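Chemist: Before I ask anything, here is the structure I am working with.
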Amino acid sequence: MSLDALYQELILDHAKRRVGFGLAPEEGATASSHQRNPICGDEIEVRVRVDGDVVRDVTWEGAGCSISQASASMLAELVAKDPDGVVRELPRGEASVLVNHFREALRSRGTVLLDEDEFGDAAALSGVSKYTARVKCAMLAWVAFEDALSRA
Amino acid sequence: MSLDALYQELILDHAKRRVGFGLAPEEGATASSHQRNPICGDEIEVRVRVDGDVVRDVTWEGAGCSISQASASMLAELVAKDPDGVVRELPRGEASVLVNHFREALRSRGTVLLDEDEFGDAAALSGVSKYTARVKCAMLAWVAFEDALSRA
Amino acid sequence: MSSTTLDATALKADFPLLASHDGLVYLDSAATSQKPQAVIDAEVGFLTSANAAVHRGAHTLAAEATVLFEEARETVAGFVRAAPEQLVWTSGATAGLNLVAYSLGNASLGRGAPASARFALRPGDELVVTETEHHANLIPWQELAARTGAVLRHIPVRDDGTLDLDGAAEIIGARTRVVAFPHVSNVLGIVNPVAALVALARDAGALTVLDACQSAPHVPLDLPALDVDLAVFSGHKMLGPYAIGGLYGRGDVLEALPPFLTGGSMITTVTLDEAEYLPPPQRFEAGTQPVSQAIGLAAAVRYLDGIGMDAVHAHETALEQRMRAGLREIPGIRLLGDADGAERVALCAFEVDGVHAHDAGQFLDARGIAVRVGHHCAQPLHRRFGMTASVRASAALYNSASDVDAFLDAVSGIRSFFGVAR
Amino acid sequence: MSSTTLDATALKADFPLLASHDGLVYLDSAATSQKPQAVIDAEVGFLTSANAAVHRGAHTLAAEATVLFEEARETVAGFVRAAPEQLVWTSGATAGLNLVAYSLGNASLGRGAPASARFALRPGDELVVTETEHHANLIPWQELAARTGAVLRHIPVRDDGTLDLDGAAEIIGARTRVVAFPHVSNVLGIVNPVAALVALARDAGALTVLDACQSAPHVPLDLPALDVDLAVFSGHKMLGPYAIGGLYGRGDVLEALPPFLTGGSMITTVTLDEAEYLPPPQRFEAGTQPVSQAIGLAAAVRYLDGIGMDAVHAHETALEQRMRAGLREIPGIRLLGDADGAERVALCAFEVDGVHAHDAGQFLDARGIAVRVGHHCAQPLHRRFGMTASVRASAALYNSASDVDAFLDAVSGIRSFFGVAR
Ligand SMILES: Cc1ncc(COP(=O)(O)O)c(C=O)c1O
Ligand SMILES: Cc1ncc(COP(=O)(O)O)c(C=O)c1O
């Protein structure tokens, strides 16, 4: 696989745009999770706001490589806002399924691809699964999201 | 080398006769040394009596393999009694030289032989030096002797 | 034996040292085993094609090496029916037992997470081992007792080599915090009653530590089913490389134990003044790990599983019976712990009347038979049986019935050579 | 360089991994080195022709194995100009540093011979390390401090990567009991002023512990001449196998330290209740040792000595200068600890402005260049320089000037690929 397939435009672009960057104020049913990648020391804080059964908002802060930053951005967009900024209403149950599918694909060493209909821009992260050392980078925000959700 | 060359008649014989076996009572300038072989747990106690510059008596007690028992017996005979039971008068300095030569030959892996004129029956232990794992057995009494002498 | 038979003579061809030493009867596998070509190839293959630092690099080689290393963990964990995260790499059984003892010592000094407090030892607490221990499962507990004020107690062994379970029931009680014992003693060869000891320990709320060094290469092992809290084994005794071993632990136990060795790759955040630790197994794996050795050990257990541990056990049981029956017939031989009908591995330790163990071993060696002589790192056990040293013959899957026969034939000549046979 | 030149391109043929990975530029030797065929052959040769338990058996194989094992000790000790009995085998540098820290902890708890008492730590005693430590030479001391009530202090590092010796002189004083520091930091690559630090420690009556991991493979080492009390190194970083390392100690220091790991082969007499210990080095070598690995490490240092450490050092110094000069020219590169004129090994760690280290490493990897990215087990040092991760390129004797050029060429393309170059 070439480097360009790993670092697709979409990824480099999200790494710069950083959708959802900046933690929203704590209000309503909010929960956060802080995760670290012990190899590089990168950290992320992800905050979710839920409203009954529905995930309303995902925001985050942290520094890291372009894969981890893009992944957080894509997650925030996918879960909380569609590309036109319209707010989504993802049920909690579906959010967990989403994380599980994402994990499965990323751990598959390239054998399971992320579906574009299900994952939107995040589908561009499929290529990461062939780089086993980078899977943690792409997973970091999703693990934080899952953890925050479990506590919200 | 054959087993018979290692276990010469003389060795098996000394292992049974055990010249000097049974510690002499502590009297005059006496000193003892207790040594152990950590591999097999064998122990020996060697006692020397010196008189001014002269080694008068070497006695020992302990259990062990035939090499270690024969070696102790040969040492006692060599230092303190000649084969006819006549008492020797070995000066301390010569005793140390003797131990050093013995050590050198035993550690030589068969390249240095023990001289019969110098070592008497103990010269039969030359063959042990090819069996690196048994060198400790043959050395045990001599190390105890050297140590006791240094304290007498 | 039926479908589980194996052909040891054919197997020898897989072991380059045995194949190239014609006439060698290697009966010292309890000390260290020989290695099949598959183990050597796996390690050399790794070193020449994928060698790189694991869990640290992002470059291709490093990522490949990490995958191979973690696959090895899965394989070796699977061999003892454990989950990968229940297997900690160590440098051997001795290191694994010290890890446990020091970790408990650290808990006693208030180190570790709040959950570690349940392992803290106080003066008067009791640690229990058996009279049959290898020094590796004895001295670390002596030292732990000395450091914490705990008291070390010993389950007695009977004359026939079986553990005195009545004695155990009296010794293990409310004060007992740890019960550590061998699955199989390296001198007696008897498979100890794990379930009975674990039941006593559980009732007392004590931690169980199993020394599985001498069972792992010989009997099918299911550590979770044995229900012990912790267990150790050594790679070099089970066809694998030197310098690697495993510590198995139940999830909740490993989770609560404080770290032992500290350094790189076992932390999340480190400041100049303190460090936060990763979960198990990494918490216990400080520094560069035995990477090629893990891969070699995985090849070793794959080799064993390829033959089948049931077949290995059946074959070795037959060897054991032949050896014991033969030794019982030879005048002047005294077997240590010669219980009838005990479940055993293929290992016999014995004295030769009138001949020191060292001399007996030398005689056997001259006939091409490699056995071990000495106290086999079990001085208290030898003292218990009134001796300082013994001769030990221990077989493995690559030994054949004819190896045993050659051994017996040679043993029967020892006493006359040394002039003590009448 | 004159008579001390070496031909790295020819040398590569000795390293099967490098020879078979065409186009690989391996610049991650500070993490782990590649192994020459001679090392693999030595280990395989031992396993296939002489493998047996050492220091334990009387049979021929065991005696042969013991001789080879002890010859390996002589060889490796000789490489650092030490006597064989001053070299203790460990499973690596991390294990060696933990050995020292735990041994001091044991002395503090009253363990060991009467002579051990001089090492006992009391609350308020001070342990001194540097701000540049690898976690392996930091966390064991943090834990020792926590266990004993001692205080851990840190010698600061200057912006240019050199140690602040004025700061050291203020910190090291009457309360100082231990001064532990790296010969060469694994991030800065600068050879630290050992003599100055040892002098300060001696004046204070403190024990000195040298982490020689990153110097042993690269500069001629004479540990007795450096006059440190203790020093550690790792086999896998110096062309040798994994799972082996060395702890060097002055005779009187090793003699007085209590044991750390306990078990077989380090004792004289053991009863159920207590044990008496052998003198060094055996006192510190509990259990089955890394036998084949010791023999492999001996082959590694023979290989290095065959080339000559002066030639190795000269070659690597040239590489270092080329690398550093090249990196200084590339816009957007920030070198860590870029002191002018410092004595160094061939190691450069740097940040790429606007590009995360992981991304930079991935980019280099795609061009066949293997470097390490991350904190390199030195989080406090990275924090000190205001970053969490860096890219580290580290060379060894098998790297050539053209490796360095390929690396520099690739580095100069990083920022434009990630769209941050202007
Ligand atoms: C300076 C330094 N010290 C200690 C270590 C630890 O060595 P090991 O991981 O081989 O135990 C390393 C290598 O990681 C190092 O570079
Ligand atoms: C029963 C038992 N426990 C522990 C050990 C120690 O194993 P190692 O020397 O591989 O650490 C051995 C082997 O010597 C053993 O037989």
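Chemist: Excluding D:Pro84 itself, what net charge comes from residues whose Cβ is under 10 Å from its Cβ, given Lys and Arg +1 and Asp and Glu -1? Walk me through the numbers before you get to the answer.
Modeler: On the way: positive: D:Arg73; negative: D:Glu70, D:Glu71, D:Glu74, D:Glu85.
My count for the surroundings of D:Pro84 gives -3.
Chemist: Right, something else. Can you list, shortest first and in nm, the gaps between the label point of C:Gln321 and those of its counterparts in the other copies, using a point 7 Å from Cα in the C-beta direction?
Modeler: Going from nearest to farthest copy, the values are 7.7 nm.
Chemist: Please compute one quarter of the surface area of the Cα convex hull for region A:3-151 and express it in square nanometres.
Modeler: Working: hull surface 31.8 nm².
Average projection, Cα convex hull of region A:3-151: 7.9 nm².
Chemist: Please compute, over every Cα-Cα pair in region D:43-304, the percentage with a separation greater than 29 angstrom. Please list the in-between numbers first.
Modeler: Details: 10429 of 34191 pairs.
Summing the P(r) of region D:43-304 above 29 Å gives 31 percent of all pairs.
Chemist: At most 12 other Cβ atoms within 10 Å and a DSSP loop assignment: could you name the GluC sites (Glu not before Pro) in region A:65-152 that fit? List each step's numbers first, then the result.
Modeler: Working: sites: A:Glu77, A:Glu89, A:Glu94, A:Glu104, A:Glu116, A:Glu118, A:Glu146; in loops: A:Glu89.
In loop regions of region A:65-152 (DSSP not H, G, I, E or B), the sparsely surrounded GluC sites (Glu not before Pro) are A:Glu89.
Chemist: I've got another one for you. Past 27 Å, Cα to Cα: identify those pairs from B:Lys136/D:Lys35; C:Lys35/D:Lys12; A:Lys81/A:Lys136; B:Lys16/B:Lys81; A:Lys130/C:Lys237; A:Lys136/D:Lys35, in the order given.
Modeler: Numbers: B:Lys136/D:Lys35 37 Å; C:Lys35/D:Lys12 30 Å; A:Lys81/A:Lys136 24 Å; B:Lys16/B:Lys81 17 Å; A:Lys130/C:Lys237 37 Å; A:Lys136/D:Lys35 30 Å.
Distance filter (> 27 Å) returns B:Lys136/D:Lys35; C:Lys35/D:Lys12; A:Lys130/C:Lys237; A:Lys136/D:Lys35.
Chemist: Further, regarding this structure: Pairs of alpha-carbon atoms within less than 8 angstrom and 6+ residues apart define the contacts here; what relative contact order does chain C have, in percent? If you can, show how the numbers build up before the last one.
Modeler: Numbers: 859 pairs, mean separation 95.4, N = 422.
So the answer I get is 23 percent.
Chemist: How big, on average over all directions, is the shadow cast by the Cα convex hull of region C:334-422, in nm²?
Modeler: Values: hull surface 25.5 nm².
Result: 6.4 nm².
Chemist: Next question, about the same structure. With the Cα gyration tensor of region C:1-136 giving a ≥ b ≥ c as the square roots of its eigenvalues, does the rule (a/c under 1.5 for rounded; else a/b larger than b/c for prolate; else oblate) give rounded, prolate or oblate?
Modeler: Judged from the Cα gyration tensor, region C:1-136 comes out oblate (a/c at least 1.5, b/c at or above a/b).
Chemist: Same structure again: Compute and list, largest first, the equivalent-ellipsoid semi-axes of region C:60-155 from the alpha carbon gyration tensor, each √(5λ) rounded to a whole angstrom. Spell out each step's value before the answer.
Modeler: On the way: eigenvalues 203, 59, 25 Å².
In descending order the semi-axes read 32, 17, 11 Å.
Chemist: Using the Kirkwood radius over C-alpha pairs as Rh, can you work out the diffusion coefficient of region B:113-152 via Stokes-Einstein at 25 °C, viscosity 0.890 mPa s, in µm² per second? Before the final figure, lay out the partial values.
Modeler: On the way: Rh = 11.1 Å.
This corresponds to a translational diffusion coefficient of 221 µm²/s.
Chemist: Average partner chain C-beta neighbours within 10 Å, per residue of B:40-46?
Modeler: On the way: counts 13, 12, 7, 3, 0, 0, 0.
Across the residues of B:40-46, the mean count of other-chain Cβ atoms within 10 Å is 5.
Chemist: May I ask you to derive the FRET efficiency for D:Asp310 and A:Ser2 from their Cβ-Cβ distance with R0 = 45 Å, giving the value to the nearest 0.05? Before the final figure, lay out the partial values.
Modeler: Working: r = 44 Å, r/R0 = 0.97.
FRET efficiency, D:Asp310 to A:Ser2: 0.55.
Chemist: Provide D:Tyr398, C:Tyr303 in ascending order of the number of other Cβ atoms located within 10 Å of each residue's Cβ, fewest first.
Modeler: Lowest count first: C:Tyr303, D:Tyr398.
Chemist: Determine ³J(HN,Hα), in whole Hz, for all residues of region D:7-13 in sequence, where each value follows from phi through the Karplus function 6.51 cos²θ - 1.76 cosθ + 1.60 and θ = phi - 60°; x replaces Gly and Pro.
Modeler: Coupling constants for region D:7-13: 9, 5, 5, 5, 4, 3, 4 Hz.
Chemist: Here's a follow-up. Let me know the mean shielding of C:15-23 by other chains, meaning the per-residue number of their Cβ atoms within 10 Å of its Cβ.
Modeler: 3
Chemist: Let me make sure I get this right: for the protein assembly as shown, a, b and c are the square roots of the gyration tensor eigenvalues over alpha carbons, sorted descending. Under 1.5 in a/c it's rounded, otherwise prolate if a/b > b/c, else oblate. Which is it?
Modeler: In terms of gyration-tensor shape, prolate.
Chemist: Could you identify the residue of B sitting closest to the B-A rotation axis by Cβ and state that distance rounded to whole angstrom?
Modeler: B:Pro38, 22
Chemist: Among C:Asp159, C:Asp359, which comes first, then next, by fewest other beta-carbon atoms within 10 Å? Don't skip to the answer; put the middle values down first.
Modeler: Values: C:Asp159 11, C:Asp359 29.
Ranking C:Asp159, C:Asp359 by Cβ neighbours within 10 Å, fewest first, gives C:Asp159, C:Asp359.
Chemist: Next question, about the same structure. Please report the net charge: other residues with Cβ closer than 14 Å to the Cβ of D:Arg122, K and R +1, D and E -1.
Modeler: Around D:Arg122, the charge tally is +2.
Chemist: Right, here's the next one. Using a label position 7 Å from Cα in the Cα→Cβ direction, what is the ascending list of nm distances from A:Glu116 to the same site in the other copies?
Modeler: 9.9
Chemist: C:Asp41 to D:Arg367: FRET efficiency via 1/(1 + (r/R0)^6), r the Cβ-Cβ distance, R0 56 Å, to the nearest 0.05?
Modeler: Values: r = 32 Å, r/R0 = 0.57.
The formula returns an efficiency of 0.95 here.
Chemist: Between D:Arg122 and C:Asp160, what is the label-point separation in nm under the 7 Å Cα-to-beta-carbon projection?
Modeler: Once both label points are built, they end up 5.9 nm from each other.
Chemist: I want to check the label-to-label distance for D:Ala113 and A:Ala63. Put each point 7 Å from Cα in the C-beta direction and report it in nm to one decimal.
Modeler: With each label point 7 Å from Cα toward Cβ, the separation is 5.3 nm.
Chemist: Another question about this same structure. Under a 10 Å cutoff between Cα atoms, tell me which one of D:Thr271, D:Thr317, D:Thr162 has the largest fluctuation in the Gaussian network model of chain D.
Modeler: Among D:Thr271, D:Thr317, D:Thr162, the largest GNM mean-square fluctuation belongs to D:Thr271.
Chemist: Shortest first and in nm to one decimal, what separations exist between D:Arg111 and its copies in the other chains, measuring from label points 7 Å along the Cα-to-beta-carbon line?
Modeler: Result, one decimal in nm: 1.1.
Chemist: Restricting to bridges with both residues inside the protein assembly as shown, how much of the DSSP beta-bridge set is antiparallel, in percent to the nearest 5?
Modeler: Percentage antiparallel, nearest 5: 70.
Read-outs: derived from the displayed coordinates by stated rules, not from any lab. Quantities reported herein were computed from a predicted structural model and do not represent experimental measurements. No Cβ is skipped: glycine too gets one built from the backbone with ideal geometry, and neighbour counts run over all protein chains shown.
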